[in-house]
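The values are calculated or read from the model by the stated rules, or taken from the named source; none is laboratory data. These numbers come from a predicted model, not from an experiment. Neighbour counts are summed over all protein chains in view; Cβ atoms, including those assigned to glycine, are modelled from backbone coordinates with ideal geometry. The area values use the complete protein model at the heavy-atom level, side chains included, leaving out ligands, DNA and RNA. Shrake-Rupley method; radii C 1.70, N 1.55, O 1.52, S 1.80 Å.
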2 protein chains.
Amino acid sequence: MADTSTEADPDEEIMRATYRALREHGYADLTIQRIADEYGKSTAAIHYHYDTKDDLLTAFLDFILDQFKDTIHEVETTDPEQRLELLLNKLLVDPTDHQDLLIAMLEMRSQVPYNDQFRERFRENDEYVQYLLRTVIDHGIKTGVFDDVDTDHVAQALMILVDGARTRAVVFDDEDSLETARRTAAEYVAATLVTDN
Amino acid sequence: MADTSTEADPDEEIMRATYRALREHGYADLTIQRIADEYGKSTAAIHYHYDTKDDLLTAFLDFILDQFKDTIHEVETTDPEQRLELLLNKLLVDPTDHQDLLIAMLEMRSQVPYNDQFRERFRENDEYVQYLLRTVIDHGIKTGVFDDVDTDHVAQALMILVDGARTRAVVFDDEDSLETARRTAAEYVAATLVTDN
């Protein structure tokens, strides 16, 4: 998430302020005041756009997904093997400065049983990524580079690895867990998708 | 976790009360009063054993590990393939009535960055399970039923699947995620450990 905001879009500025405030204070200690401090304006300027902290954080989850979509659009290859590899890199090769964000995201995830807005957004994000994975796997099957696998299952298996690595990165303060999951995903893809090649 | 308490061990009674209170109220809304209500005694009776709620919950995490150790001792086979399979069943084939506990555990996990006692216990529990996995894999390698793999990596890969499935079971209210992870673990074990057989 580069800080190269060229336009002064208030929504985007507030999202970037939320990002910084979340990384600094975590979810539980996040307040509109702290986001306003990062934004450099009053809390009223934020409430003009978002009624509640949860509304703002729900918008933030959309923002995170949009950021991810942007990085996916950078992947220009249509070759299924290469495209799957680059997609898994985007999901699992994480710059270490995202650790603070992973902490805040795990707090939000743990609140899902009590927060329908969060649940809906996490679900939508997950469905979008699974859709991308299924599409590239299906493409590989059609062009004969991948075996004729249960696409739904493989996409879910890869997301279990992604979510396990993200949880463990937080709980065990373990930067290596994303790398370990990336290696495991590569082994799993080799064993499941390209066995006949 | 069967409710077959035969002795009136106060520690164990309090742990069982904590278990019921956690499942009913979740971590954030848990109070000593609510545990006392389940225990059927006063809060003073609980404070006699535990100074703070966090002390009590730290003891609860030990209790959960002890419960898990008890179920592991039920696994009587020493055959490495069978033993690994039964171990993965214990970790991933979850009765649905544990969903409430998974929710409370994810809340506690998300608090690890702010709670050293929790961090230490989750780490100890994870190290214990990884030790079990490494031991059975090493045994399989020595007796020639498993390939000569990187035991550390395989144990970590399996724990990523376990933690991913537990996180997803909560975030997506998805009972199937443990089953999907169990199937993925079986595929991964077949591809990684028993390729030469």
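Can you tell me how many residues within segment B:20-63 are not aliphatic (A, V, I, L, M) and not in a loop (DSSP other than H, G, I, E, B)? Within segment B:20-63, residues that are not aliphatic (A, V, I, L, M) and not in a loop (DSSP other than H, G, I, E, B) number 18. Each residue in segment B:106-123 was checked for being within 9 Å of another protein chain (Cβ to nearest Cβ), under 12 Å from the mean Cα position of the chain (by Cα) and in contact (Cβ under 8 Å) with a residue 40 or more places away in the chain, and 2 of them qualify. Give B:T143, B:T151, B:T135 a once-over and let me know the one that is away from chain A (no Cβ under 11 Å), closer than 20 Å to A:E179 by Cβ and over 16 Å from the mean Cα position of the chain (by Cα). So the residue among B:T143, B:T151, B:T135 that is away from chain A (no Cβ under 11 Å), closer than 20 Å to A:E179 by Cβ and over 16 Å from the mean Cα position of the chain (by Cα) is B:T151. The residue list A:D55, A:D11, A:D70, A:D51 contains one member that is open to solvent by less than 60 Å² (accessible area, probe 1.4 Å) and not assigned by TED's automatic domain parsing to the domain that holds A:L102, which is A:D55. Annotation: A:L88 fulfils all but one of (1) open to solvent by less than 40 Å² (accessible area, probe 1.4 Å); (2) hydrophobic (A, V, I, L, M, F, W, C); (3) assigned to a helix (DSSP H, G or I); (4) more than 25 Å from A:F63 (Cβ to Cβ); the unmet one is (4).
The lone criterion from (1) closer than 22 Å to A:R119 by Cβ; (2) at pLDDT below 95; (3) of a type in the set (G, A, S) left unmet by B:A191 is number (1).
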